[in-house]
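Asker: Pasting a structure below so you can have a look.
The values are calculated or read from the model by the stated rules, or taken from the named source; none is laboratory data. None of the values given here were measured: they were computed from a predicted structure. Here the Cβ positions follow ideal geometry from the backbone for every residue, glycine too, while neighbour counts run over all protein chains shown.
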Amino acid sequence: MFSCDESGILEISNTDEVSVENEAVTDSYFEDADDLSVVAVASDNATVDGGKTSTGGRKIIISDFRLECAEVTIDVADDSKPSHPKGVITIDFGDDGCVDKRGNVRKGKIIITYDGRRFFPGSSIVTTFDGYSINDIKIEGVRTVTNASDSLEEHPSFTIVVVGGKATWPDETFATRESNRKREWIRASNPVNDEWRVTGTAAGTNRNGVSYTMEITEALIFKRECAISSRIFMPVAGVKLLTTENRQLTIDYGNGTCDKIVTITINGESKEVEVKGNV
C-alpha cells in the first residue's frame, strides 16, 4: 500500500487511485439513473401537475437522447388526484438493450414510483432496477428521494437514501454502496444554469473488496449544464474525505469546470486523477 520515490517521499499508490475511481464511478451511475428518473417524472402532466389519466400504461414522450430508444410508460394509481399524484413510470431499454448517441448501451428497466408533486414537501420518488445495466455494468439497489423542504418558497431540498446499492462489472467484480445525503436545488431563471449542493455520507466496498467510508467535508456542486453538455454526473466542486481500511485521503473536485479531473491528497501529497468510468 505504501511506496516511496528515491527521495523517500510517500507516493499515492495505484490502490488509492482505484479506491477513488470506484467510489466516484459507482456514485455517477446512480446519479445518472436518478437524473433519468427526474427527467421521466418531469415529462408528464400526471406527475408535474397531478392530472388524472387512465392506468392503461400509455407511452409518454421524453426529449432526452438517453431515452430515445427506450419505451417509457406510466401507470397512474387509482387514488391519484391533482393535489397528490401517484403512479409508476417504467423505462424499458429492452433485454437486448439500446444505444444512445454517445455510445452508451443500456439494458433492462428502471422503475420509478412517485408519490406527490415533486416540489411539494413530503413528496417522494423511489427508483428501483429490473435487470438494468449500462455498458454491461449491472446496477442494483433502491434509491429514495424525498422532498425535505419546509415550504414552497425556498430552494427545494431533498434527502437521498441509497439502500443495497451495487454495481457489478462483466468480470463479476462488484462495488457496494449505501448513502444518506441532502441535496439543495439552486434554481436559476434558465434551468440550464441550475445547480445542486450536496452534503452527507456513504459507505461500501470497492471492486477489490476494500471497505470504505465517505464524508462530504465541503458541499459537492453538481451543474445541470455539465450533465446536458458533457453527460458528466460528477461534482464539479467540493471535497470528500475517503477512508479505507488503512488510508485516509481527500478528493477535491475542483473549481466548477465541467471535467472528470479530481485531486487526491494524502499526508500533504497531491495528485490529479481523471475518473474514466463516468457516463
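Asker: Before we move on, is ASP96 at pLDDT 90 or above, in contact with a Pro (Cβ under 7 Å, 6 or more places away or on another chain) and surrounded by fewer than 16 Cβ atoms within 10 Å (Cβ to Cβ)? So that I can check it myself, show each step before the final result.
Answerer: Numbers: at pLDDT 90 or above: yes; in contact with a Pro (Cβ under 7 Å, 6 or more places away or on another chain): no; surrounded by fewer than 16 Cβ atoms within 10 Å (Cβ to Cβ): yes.
For ASP96, the condition - at pLDDT 90 or above, in contact with a Pro (Cβ under 7 Å, 6 or more places away or on another chain) and surrounded by fewer than 16 Cβ atoms within 10 Å (Cβ to Cβ) - is not met.
Asker: Oh, and also: Mind listing just one residue for me: the one in the stretch 257-279 that is more than 22 Å from the chain's Cα centre (by Cα) and part of a strand (DSSP E or B) and, of those, surrounded by the most Cβ atoms within 10 Å (Cβ to Cβ)?
Answerer: Per the criteria, the residue is ILE266.
Asker: If I go through the stretch 197-232 residue by residue, how many of them are out of contact with any helix residue (DSSP H, G or I) (no Cβ under 8 Å at 6 or more places or on another chain) and of a type in the set (A, V, I, L, M, F, W, C)?
Answerer: The number of residues fulfilling the criteria is 7.
Asker: Something else: Would you confirm whether any residue within the stretch 227-238 is β-branched (Val, Ile, Thr), in contact with a strand residue (DSSP E or B) (Cβ under 6 Å, 6 or more places away or on another chain) and part of a strand (DSSP E or B)?
Answerer: Start the filter on the stretch 227-238 by keeping residues that are β-branched (Val, Ile, Thr), which leaves 228, 232, 236.
Those still in the list that are in contact with a strand residue (DSSP E or B) (Cβ under 6 Å, 6 or more places away or on another chain) too: 236.
Then drop every residue that is not part of a strand (DSSP E or B), which leaves none.
No, there is no match, as no residue in the stretch 227-238 is β-branched (Val, Ile, Thr), in contact with a strand residue (DSSP E or B) (Cβ under 6 Å, 6 or more places away or on another chain) and part of a strand (DSSP E or B).
Asker: Could you say which residue among GLY164, GLY209, GLY254 is on the phi > 0 side of the Ramachandran plot and surrounded by 15 or more Cβ atoms within 10 Å (Cβ to Cβ)?
Answerer: That would be GLY254, the only listed residue that is on the phi > 0 side of the Ramachandran plot and surrounded by 15 or more Cβ atoms within 10 Å (Cβ to Cβ).
Asker: While we're here: Which members of the stretch 187-206 meet the condition of being surrounded by 15 or more Cβ atoms within 10 Å (Cβ to Cβ) and β-branched (Val, Ile, Thr)?
Answerer: VAL198, THR199, THR205
Asker: Within the stretch 239-256, how many residues are in contact with a helix residue (DSSP H, G or I) (Cβ under 8 Å, 6 or more places away or on another chain), within 16 Å of ILE221 (Cα to Cα) and not in a strand (DSSP E or B)?
Answerer: Qualifying residue count for the region: 0.
Asker: Now for a separate question. Hey, can you tell me all the residues within the stretch 97-145 that are acidic (Asp, Glu) and closer than 16 Å to ASP35 by Cβ?
Answerer: ASP100
Asker: Now for a separate question. Hey, could you check the stretch 112-148 for residues that are in contact with a helix residue (DSSP H, G or I) (Cβ under 9 Å, 6 or more places away or on another chain) and within 24 Å of GLU172 (Cα to Cα) and say which is surrounded by the most Cβ atoms within 10 Å (Cβ to Cβ)?
Answerer: Among those residues, the one meeting the criterion is THR127.
Asker: Something else about it: Only residues that are surrounded by 17 or more Cβ atoms within 10 Å (Cβ to Cβ) and modelled with pLDDT of 85 or more: list them for the stretch 227-246, please.
Answerer: PRO235, VAL236, ALA237, GLY238, VAL239, LYS240, LEU242, THR244
Asker: Keeping to the stretch 91-115, report how many residues are in a strand (DSSP E or B) and more than 18 Å from the chain's Cα centre (by Cα).
Answerer: Matching residues across the stretch 91-115 total 4.
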